[in-house]
Amino acid sequence: MTTSTRWRALTRHHLFWPVAVLVLLLLVNVPFTPDFFSIRMADGHLYGSLVSIVLFGSPLILVAVGMTLVIATGGIDLSVGAVVAITGALACSYISDQSDQSALSGVLLAMGLGLLAAVVCGLWNGFLVARMGIQPIIATLIIMVAGRGVAQLITDGQIITINSEPYKLIGGGYWLTLPFSIFVVAAVVIITVGLTRRTALGLLVEAVGGNAEASRLVGIRSRRIKIMVYMFCALCAGIAGLMISSNTSAADGNNAGLWIELDAILAVVIGGTSLLGGRFSIGGTVVGALVIQTLTTTIYTIGVPTQTNLVFKAAVVIVVCLLQSPKFRDKVFGARFGAKGSATPAAVPADSAAATEAAPKMEVS
Amino acid sequence: MAEPRPVLEMAGIVKEFPGVRALSDVDFRLFPGEIHALMGENGAGKSTLIKVLTGVHPLDGGTITLDGRSVRITSPLEAQQAGISTVYQEVNLCPNLSVAENIFIGREPTRMGRIQWKQLRRQAAELVERLGLDIDVTAPLSSYPLAVQQLVAIVRALGTGDGEGPGTKVLILDEPTSSLDRDEVLQLFALMRRLKDEGVAILFVSHFLDQIYEVCDRMTVLRNGTLVGEHMVRDLDQVGLIQLMLGKAMGQLDELHDQQLHSHAGETLVQAEGLGRTGGIAPFDLEIKKGEVIGLAGLLGSGRTELARLLFGADQPDSGKVSIEGRQVSMSAPNDAIGAGVAFCSENRKSEGLVPDLTVRENIILALQASRGWTRPIPVAQRDELVAKYIKALDIRPANPEARVGQLSGGNQQKVLLARWLITQPKLLILDEPTRGIDIGAKAEIQKLVVSLSEDGMSVLYIAAELEEVLRLSHTIGVLRDRRLVAQIANGPEITTSRILETIASGENQ
């Protein structure tokens, strides 16, 4: 009795399905890459598929965390990909102009410039949405399109390559045996959670997204909150932009962060935040972003032909979204809570049994 | 009198939700050609019974017999096909489409996949005409007032079936009158009586007792999910009915009588001069004293809500000024009013009050938190204490601060909104229809609360459609007509509802 109620409570937790999908996706890799979960030490750095997933997923997590807050207010930000490009372009072009590209002061200034540009983009988005009352999807479309042009303008249409040790650290360096990006991501996530849950910001954001008119009548300065949230989202995208350009030591105005806005929106949705606004979950978004990155990795490891991998990705996304839908779950797994039905119910605990068996493996190796 | 065979019979209906038995062993019958009222407090099981009947909720026990045949209804669509149509409190139509399109949406007459627009319009016009309504079916629905939209919703419900005239045997009207004014209600009743004469059985839910006595033939009373009794309306008077619904002798409301029947003297709190807004309300002067309850009387659309919204800065005035405690307040946004100690509970609980996804606790602290700004969260201990205090004081049920507010009943949602503003300790509390759509018990509680708040020195601007309520609570009664504040009457023993009605009507047919 107690185990079944505990199980039910567990399945009701808002992170249950995203985490279940993540674990399942990770397990799919094992038959193809038996040492998938192994992590080894080389040159004082930790290597392994899990580390790579977090490393390559870092920019997406950053962008998605910012996106979560925007979506929670009932908005959306399509411009993040362009902001990634602008930030990277600005930082790299500034560094490439320096005589000593590895000078710390120059690098810090470059990063500051890039992030400032990102925040200005966010301010513009927030201004259009909150002050001018333009629909978020249209307002942010402007920078989504124009931003790429601005990035090209900054780089003169070239791919700027740089050679800067300190700058390389952000997206490609290591610290305490782990990729430095992981620390950046962890810091941003912790700060975001603290900012939203330790203050009343989270509550006010959810109120604005949950019922805008009620929020106005209750005296919430929703315009101010929306502008802040768009600026924060752009700042996150800016950090991701630094990370991406740092990882390749190059700024590519055309391709940096291309389509990352769509992956970010998807990560937010997989994480359980409704596109209608209201309740949001930063933890869910992080898991959602990891699901997407794991999926990308999985596509490579199991050898899906390159030309069909978008189709494969779409198929998995459909399954994830269906699992997220309570209506669908009731239809498929509903029988387990009723009197009849033994075939489907058996399948679910079996999966979880497999998961618990697999879990120790991660620690062993 | 020999009774004909009922068109609908529900026997031994049981419905359980996790932890709650919403309906236990309820019997219900409906005869053709009658208007039958389903009575009960909020939470008595009225909505659940309707939802079970229309297939929204599956049945946990009992049988439904329609026209002598046992039926099993598992979805709203099946209910419609079986001849049971429902019109809900909120109009669920598309305002941007024409009346004709709304009536036939989803079942347009087609030939080879193409919609026969001419036929559709003709059929709609015939249907509307046959029901004695004067509506241009080609005009967009949004060009008509809410009341007409409600009538269109009924026409649409009737049209379901074979598409040719009413296939509807049972018509369920769930609080159709809550946002209609008197004339519109009469229009609705005329339509209901016409349908009754055609043999349609109508199930009518309303919180307005007078309306029940005006239009209904028979009533079934529920309390706490059980059947209390079925009575002919003419055999049971209002006092008897209220006693059945509450399960106890009525007396709470009477206590309030005669308590406040003299005008109030005190310092001026709010002084509005020439405050007005084009298209909203003509410029008016209004003085509200400390601890005074000002009731606003007037028909729906007479400018009651518009007046209140100006005093709160929810709409921007284009003339006049407001001063609160002698200081002029700009009133360009709700923030200005809130800062000056004004609180406003909107009549639209759902769209302008609650954030349904958030918990009871979060909804309660929202106004206080908004005034503190996001950087200064209310300390957890203080927050929990405040919330617990108001949940207890207002008897909000369930008394669980973690419950999602969207799942509460109407009365409890209203209490959450009251708690939200009381927590900010306002100087002036504006209540726009605080008792609409909630049960009698909660109504009495809210009215008592207004009295005690006023005794503690809080000023209240009280808006209600029921004149008795306004008369009972107010020191001063502001009368509105055609978006104009036409009179301010000091309450007293000689003031009666008919006196107020005369003022409202002033020569009109009332």
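Among the residues of the stretch A:190-214, those that are in contact with a Leu (Cβ under 9 Å, 6 or more places away or on another chain) and of a type in the set (S, T, N, Q) comprise A:T192, A:T196, A:N211.
Just so you know, in the stretch B:351-360 the residues that are open to solvent by less than 10 Å² (accessible area, probe 1.4 Å) and of a type outside the set (V, I, T) include one that is farthest from the chain's Cα centre (by Cα), and it is B:L358. Assessment of the stretch B:15-32 against the conditions (among the charged types (D, E, K, R), open to solvent by less than 20 Å² (accessible area, probe 1.4 Å) and within 20 Å of B:L241 (Cβ to Cβ)) yields no matching residue. Within the stretch A:187-198, is there a residue that is open to solvent by less than 20 Å² (accessible area, probe 1.4 Å), closer than 23 Å to A:G74 by Cβ and facing chain B (nearest Cβ under 10 Å)? Checked the stretch A:187-198: at least one residue is open to solvent by less than 20 Å² (accessible area, probe 1.4 Å), closer than 23 Å to A:G74 by Cβ and facing chain B (nearest Cβ under 10 Å).
With respect to being of a type in the set (A, V, I, L, M, F, W, C) and at pLDDT 90 or above, A:L10 falls outside the description.
Sub-9 Å Cβ pairs linking a first residue in the stretch B:299-328 that is free of Cβ contacts under 8 Å to residues at least 24 places away in the same chain to a second residue that is part of a loop (DSSP other than H, G, I, E, B) and open to solvent by less than 50 Å² (accessible area, probe 1.4 Å), at least 6 apart or interchain, are B:R327/B:A340, ordered by first then second residue.
Is it the case that some residue within the stretch A:78-89 is open to solvent by 40 Å² or more (accessible area, probe 1.4 Å) and not small (G, A, S)?
Among the residues of the stretch A:78-89, not one is open to solvent by 40 Å² or more (accessible area, probe 1.4 Å) and not small (G, A, S), which makes the answer no.
So that you can scan it fast, the table gives a plain yes or no per residue for (1) within 16 Å of B:Y462 (Cα to Cα); (2) open to solvent by 50 Å² or more (accessible area, probe 1.4 Å); (3) touching a Cys at 6+ places or on another chain (Cβ under 9 Å):
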{"site": "B:A272", "(1), (2), (3)": "no, no, no"}
{"site": "B:R277", "(1), (2), (3)": "no, yes, no"}
{"site": "B:A282", "(1), (2), (3)": "no, no, no"}
{"site": "B:D285", "(1), (2), (3)": "no, yes, no"}
{"site": "B:V293", "(1), (2), (3)": "yes, no, no"}
{"site": "B:G298", "(1), (2), (3)": "yes, no, no"}
{"site": "B:E306", "(1), (2), (3)": "yes, no, no"}
{"site": "B:V322", "(1), (2), (3)": "no, no, no"}
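In this structure, is A:S222 closer than 30 Å to B:A337 by Cα, within 9 Å of another protein chain (Cβ to nearest Cβ) and of a type in the set (S, T, N, Q)? It is false that A:S222 is closer than 30 Å to B:A337 by Cα, within 9 Å of another protein chain (Cβ to nearest Cβ) and of a type in the set (S, T, N, Q). Filtering the stretch B:308-320 to residues that are open to solvent by 10 Å² or more (accessible area, probe 1.4 Å) and among the small types (G, A, S) leaves B:S319, B:G320.
Residue count for the stretch A:228-257 satisfying the condition of being open to solvent by less than 30 Å² (accessible area, probe 1.4 Å) and either within 14 Å of chain B (Cβ to nearest Cβ) or of a type in the set (G, A, S) (or both): 14.
Each residue in the stretch B:178-210 was checked for being within 21 Å of B:H231 (Cβ to Cβ) and at pLDDT below 85, and 5 pass. Taken over the stretch B:309-333, residues that are within 15 Å of B:K427 (Cα to Cα) and within 24 Å of the chain's Cα centre (by Cα) amount to 2. Summed over the stretch A:174-214, residues that are within 20 Å of the chain's Cα centre (by Cα) and without any contact (Cβ under 8 Å) to a residue 60 or more places away in the chain total 9.
Candidates in the stretch B:316-363 are the residues that are among the hydrophobic types (A, V, I, L, M, F, W, C) and in a helix (DSSP H, G or I); of these, the one that is nearest to the other protein chains (Cβ to nearest Cβ) is B:I338. Could you tell me whether any residue of the stretch B:367-388 is modelled with pLDDT of 90 or more, open to solvent by less than 20 Å² (accessible area, probe 1.4 Å), farther than 21 Å from A:I220 by Cβ and away from every other protein chain (no Cβ under 11 Å)? No, every residue in the stretch B:367-388 fails to be modelled with pLDDT of 90 or more, open to solvent by less than 20 Å² (accessible area, probe 1.4 Å), farther than 21 Å from A:I220 by Cβ and away from every other protein chain (no Cβ under 11 Å). Every condition in (1) within 14 Å of another protein chain (Cβ to nearest Cβ); (2) surrounded by 18 or more Cβ atoms within 10 Å (Cβ to Cβ); (3) closer than 27 Å to B:A340 by Cβ is met by B:L394 except one, and the failing one is (1). Of all the residues in the stretch B:397-409, those that are more than 13 Å from every other protein chain (Cβ to nearest Cβ) and either buried (at least 22 other Cβ atoms within 10 Å of the Cβ) or among the hydrophobic types (A, V, I, L, M, F, W, C) (or both) number 3.
Restricting attention to the stretch A:1-59, report how many residues are of a type in the set (S, T, N, Q) and free of Cβ contacts under 8 Å to residues at least 40 places away in the same chain. Break it down into steps so the answer makes sense when it comes.
Applying the first criterion (of a type in the set (S, T, N, Q)) to the stretch A:1-59 yields A:2-5, A:11, A:29, A:33, A:38, A:49, A:52, A:58.
The next check asks that each one be free of Cβ contacts under 8 Å to residues at least 40 places away in the same chain; those that pass are A:2-5, A:11.
Adding up the residues that qualify gives 5.
Is it the case that B:L471 is outside any loop (DSSP other than H, G, I, E, B) and modelled with pLDDT of 90 or more? No.
Condition test on B:N363, is it open to solvent by less than 10 Å² (accessible area, probe 1.4 Å) and either more than 27 Å from B:G295 (Cα to Cα) or not aliphatic (A, V, I, L, M) (or both)? Answer is yes for this residue.
Tell me which residues, restricted to the stretch A:128-138, are more than 20 Å from the chain's Cα centre (by Cα) and under 14 Å from A:C233 (Cβ atoms).
Passing the criteria: A:L128, A:V129, A:A130.
The residue that is farthest from A:A207 (Cα to Cα), counting only those in the stretch A:277-320 that are at pLDDT 90 or above and not in a helix (DSSP H, G or I), is A:S281. Among strands (runs of 3 or more DSSP E) entirely within the stretch B:23-113, having at least 2 residues that are within 26 Å of the chain's Cα centre (by Cα) and more than 30 Å from B:V137 (Cβ to Cβ) singles out B:35-39.
Check B:Q149, B:Q119 and return the single one that is touching a Pro at 6+ places or on another chain (Cβ under 8 Å) and without any contact (Cβ under 8 Å) to a residue 12 or more places away in the chain.
On the way: B:Q149 fails: without any contact (Cβ under 8 Å) to a residue 12 or more places away in the chain.
Matching residue, one of B:Q149, B:Q119: B:Q119.
The rows are residues; the columns are (1) in contact with a Gly (Cβ under 8 Å, 6 or more places away or on another chain); (2) surrounded by fewer than 20 Cβ atoms within 10 Å (Cβ to Cβ).
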| residue | (1), (2) |
| --- | --- |
| A:I134 | no, yes |
| A:M144 | yes, yes |
| A:Q152 | yes, yes |
| A:Q158 | no, yes |
| A:E165 | no, yes |
| A:S215 | no, no |
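Can you confirm whether the stretch A:22-42 contains a residue that is open to solvent by 40 Å² or more (accessible area, probe 1.4 Å) and more than 20 Å from A:V291 (Cα to Cα)? Yes: one or more hits.
When B:L428 is tested against (1) within 20 Å of B:V293 (Cα to Cα); (2) in contact (Cβ under 8 Å) with a residue 40 or more places away in the chain; (3) surrounded by fewer than 19 Cβ atoms within 10 Å (Cβ to Cβ), only condition (3) is not met. Scanning the stretch B:443-463 for any residue that is closer than 27 Å to B:G280 by Cβ, acidic (D, E) and surrounded by fewer than 14 Cβ atoms within 10 Å (Cβ to Cβ) turns up nothing.
The values are calculated or read from the model by the stated rules, or taken from the named source; none is laboratory data. Everything numeric in this text was worked out from a predicted model, so none of it was measured. Neighbour counts run over all protein chains shown; Cβ positions are idealised from the backbone, glycine included. Please note that ligands, DNA and RNA were not included when accessible areas were found on the heavy atoms of the full protein model with its side chains. Shrake-Rupley method; radii C 1.70, N 1.55, O 1.52, S 1.80 Å.
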